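Data block below; observations after.
The values are calculated or read from the model by the stated rules, or taken from the named source; none is laboratory data. Bear in mind the structure is a predicted one, so any value in this text is a computation, not a measurement. Here the Cβ positions follow ideal geometry from the backbone for every residue, glycine too, while neighbour counts run over all protein chains shown. The area values use the complete protein model at the heavy-atom level, side chains included, leaving out ligands, DNA and RNA. Shrake-Rupley method; radii C 1.70, N 1.55, O 1.52, S 1.80 Å.
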Amino acid sequence: VFPKQVDVGPSKPSTIGWMLSRTADGTKRTAPRELVHLLLEARDEQLKRFQNGNSEPDDGLLFDKTAIRNALPAVSKVRFEQTLCAEYPALKPYLMSLEGEKTQQSIDSLAKLWKCGVVKAADTAEKLVETGFFEKRGSKDTPNFWVPFIYRDALSMVQGAAE
């Protein structure tokens, strides 16, 4: 049904591993609805590819890598808008300020971005960790806040660490 890998390479995950990692939130858990949504979007993407005259996937597979990869932005948008922002409307301004920003933030970069002190930035970042928007990384003294793949496309985020 699926190719062995979406991103090819010896250290890259299997297709199911890719799907699970891309639909997981900051708690590292994947909600079944996100995985199902990704599969439905991948089906629609594959059908579009057929309609546009692209060849069938190799080896008799039903899906190619491009269809699976292209399905993620729609899932990201729905998860961000209809789940995260809907459930935590008070945090939406902080979330929206991350649009176009780097995927890894420090307390200092968040304080600058949110135009607040480091104590307020740390408190808000912790709330976003609790919601599953951020995954907390780094040490206790110098934590970093990493945005999971599920939210990146919705906010047009750029891979890398903020300065």
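The set of residues from segment 100-127 being touching a residue at least 60 places away in the same chain (Cβ under 8 Å) and open to solvent by less than 70 Å² (accessible area, probe 1.4 Å) comprises just one member, Glu101. Kindly evaluate Arg22 against the criterion of being within 15 Å of Phe149 (Cα to Cα) and open to solvent by 80 Å² or more (accessible area, probe 1.4 Å). Criteria not met by Arg22. Scanning segment 30-46 for residues that are without any contact (Cβ under 8 Å) to a residue 60 or more places away in the chain and under 14 Å from the mean Cα position of the chain (by Cα) gives Thr30, Ala31, Leu35, His37, Leu38. Just one of the numbered conditions (1) among the small types (Gly, Ala, Ser); (2) without any contact (Cβ under 8 Å) to a residue 12 or more places away in the chain; (3) outside any loop (DSSP other than H, G, I, E, B) is not true of Ser11: (3).
When segment 1-28 is filtered for residues that are within 12 Å of the chain's Cα centre (by Cα) and either among the acidic types (Asp, Glu) or within 19 Å of Ala74 (Cα to Cα) (or both), the ones remaining, listed by number, are Trp18, Met19, Leu20, Ser21, Arg22, Thr23, Ala24, Asp25, Gly26.
When segment 25-71 is filtered for residues that are open to solvent by 60 Å² or more (accessible area, probe 1.4 Å) and within 23 Å of Leu95 (Cβ to Cβ), the ones remaining, listed by number, are Lys28, Arg29, Arg33.
Mind listing whichever residues of segment 84-95 are open to solvent by less than 80 Å² (accessible area, probe 1.4 Å) and either of a type in the set (Lys, Arg) or free of Cβ contacts under 8 Å to residues at least 12 places away in the same chain (or both)? If the condition is that a residue be open to solvent by less than 80 Å² (accessible area, probe 1.4 Å) and either of a type in the set (Lys, Arg) or free of Cβ contacts under 8 Å to residues at least 12 places away in the same chain (or both), then Cys85, Ala86 are the ones that fit. The set of residues in segment 139-149 that are out of contact with any Asp or Glu (no Cβ under 6 Å at 6 or more places or on another chain) and surrounded by 13 or more Cβ atoms within 10 Å (Cβ to Cβ) comprises Pro143, Asn144, Phe145, Val147, Phe149.
Within segment 135-153, residues that are among the acidic types (Asp, Glu) sit with their Cβ atoms under 8 Å from residues that are open to solvent by less than 50 Å² (accessible area, probe 1.4 Å) and in a strand (DSSP E or B), at 6+ positions apart or across chains, in these pairs: Glu135/Phe145; Glu135/Trp146. Inside segment 127-161, can you point out the residues that are over 20 Å from Ser76 (Cβ atoms) and in contact with a strand residue (DSSP E or B) (Cβ under 8 Å, 6 or more places away or on another chain)? Result: Lys136, Arg137, Gly138, Thr142, Pro143, Asn144, Ala161.
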